[in-house]
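Structure first, commentary second.
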């Protein structure tokens, strides 16, 4: 096994792009849902819950893949503050991928509603029904979702900065599996 | 995270010209800006006219004042505890456990459809009953019913406009008395409700009222067949003489407590089956007489609890919390109720600590 890969492994890349689609869809579903009183509100909620649990499951798999595979190193000439920003933003992305679905699950539990992923598929409550706890969890879910959206924008801007301005291997390491010929 | 131990940063690229650098930076800004703009669009930022859950609840607060910790509508009420005894008659129409098991526990709430928790009981001619049935499989059926047979309007927008017509005028601090008549003149769909409300008088008791789902739903049986329905809870003991004299502002709760002290109270759950062609998407329209009505079973209420400490306080009676076997219809008011209730629920659960510690009393 090479200790210094130049690209992310196939499974890591698949998870990245699949979850990128799911998370961006999820953020848009959430934003549309809370600002609508039309029938859209209802079907968006019915998408939001199972999609959130799917993201949670994939995030766990992804964390395991991350911890058990080698990642390509950042370029040696990357300024120290950009290295820090890269590490911090990835930490935030991983944390929110796990925390946001758990908060959603917990807030429905705290409201006393059954946690239904479909007409019949029900998850157990993970916290007891409690109105004040619900309010805290519901607000955290909303604010942290905005934070995730901002972090995703930053991540996107940084990826394009690497690809278009620095023209280093960072963007390519997630786009492709092999060194460019 | 990623370690920076690579010995090489790859082949050195030639530096970008100033023009090329600007072009590329602009490209990044355009891509990121487009995603942010799409998000803002979905969020309604560019569409201040969009009816949002927040706008719905804001107009209720504008009309009724803010009473921290209380529901933004149907603010005054009382919790009731009981159970539902299924008759088995609905089994062939719905797979919901509530219609198939003999007994399902219920936490309910009688209320006054007003935004002020201190409104006198005779200020509104309508009473409401909300119920939460908890099935043994953990699924719930929540329903909020009212004593009127139809809703004044059929759409969330019209409901919002009706609320706006009742908002205090900034100049006088009182609602403009011409606005509600003007609204109804422009909304002929309100005629069935207006006809009913002319004859409606504030009842002296919660117990003698019939409570109607108003919105339509679907029953779904185990083979997936759907039947459009509306339901109502009809009192089984029809004594119209109030147990307590109609005195003061809080006679409804006193009357209920007094009657329950003498024994449980019963309602029959009647489920009306729509004929083909009956409107399932418009709560302002009555269904003609002659529809088949099923007796789904009996609601038995056993005791009351004060709404500030009772089990009903923290329940959001969202009419779209439904068990498998009952589904929402195309009625646009259902989604709007669900969305609006969620907003009101977040506001009031954030204010639980501000609720009065003492029992709620009407203000003189």
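The values are calculated or read from the model by the stated rules, or taken from the named source; none is laboratory data. These figures come from a predicted structure and were not determined experimentally. Glycine gets a Cβ as well: all are built from the backbone with ideal geometry, and neighbour counts include every protein chain shown.
Structure summary
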{"read-out": "Residues satisfying the stated conditions in the range A:131-156, i.e. facing another protein chain (nearest Cβ under 7 Å) and surrounded by fewer than 16 Cβ atoms within 10 Å (Cβ to Cβ)", "value": "A:132"}
{"read-out": "Any hit, the range B:26-45, residues being more than 8 Å from chain A (Cβ to nearest Cβ), within 25 Å of residue A:25 (Cα to Cα), surrounded by 13 or more Cβ atoms within 10 Å (Cβ to Cβ) and at pLDDT below 95", "value": "yes"}
{"read-out": "Within the range A:86-122, tally of residues that are more than 10 Å from chain B (Cβ to nearest Cβ) and under 20 Å from residue B:318 (Cα atoms)", "value": "6"}
{"read-out": "Total residues in the range A:34-44, condition in contact (Cβ under 8 Å) with a residue 12 or more places away in the chain and more than 8 Å from every other protein chain (Cβ to nearest Cβ)", "value": "1"}
{"read-out": "For residue B:160: the one exception among (1) surrounded by fewer than 17 Cβ atoms within 10 Å (Cβ to Cβ); (2) touching a residue at least 40 places away in the same chain (Cβ under 8 Å); (3) in a helix (DSSP H, G or I)", "value": "(1)"}
{"read-out": "Strands (runs of 3 or more DSSP E) (entirely within the range B:256-347) containing at least 3 residues that are within 14 Å of chain A (Cβ to nearest Cβ)", "value": "B:326-328"}
{"read-out": "Residue in the range B:299-320 that is over 25 Å from residue B:345 (Cβ atoms) and either touching a strand residue (DSSP E or B) at 6+ places or on another chain (Cβ under 9 Å) or surrounded by fewer than 22 Cβ atoms within 10 Å (Cβ to Cβ) (or both) present", "value": "yes"}
{"read-out": "Residue match in the range A:140-153 (condition: more than 30 Å from residue B:37 (Cβ to Cβ) and either without any contact (Cβ under 8 Å) to a residue 60 or more places away in the chain or out of contact with any helix residue (DSSP H, G or I) (no Cβ under 7 Å at 6 or more places or on another chain) (or both))", "value": "no"}
{"read-out": "Any pair with Cβ under 6 angstrom, 6 or more apart, that starts in the range A:157-172 at a residue that is within 8 Å of chain B (Cβ to nearest Cβ) and ends at one that is part of a helix (DSSP H, G or I)", "value": "A:157/B:28; A:157/B:32; A:160/B:28; A:164/B:24; A:165/B:24; A:168/A:162"}
{"read-out": "Residue within the range A:111-120 that is more than 30 Å from residue B:352 (Cα to Cα) and either in contact with a strand residue (DSSP E or B) (Cβ under 6 Å, 6 or more places away or on another chain) or in contact (Cβ under 8 Å) with a residue 12 or more places away in the chain (or both) present", "value": "yes"}
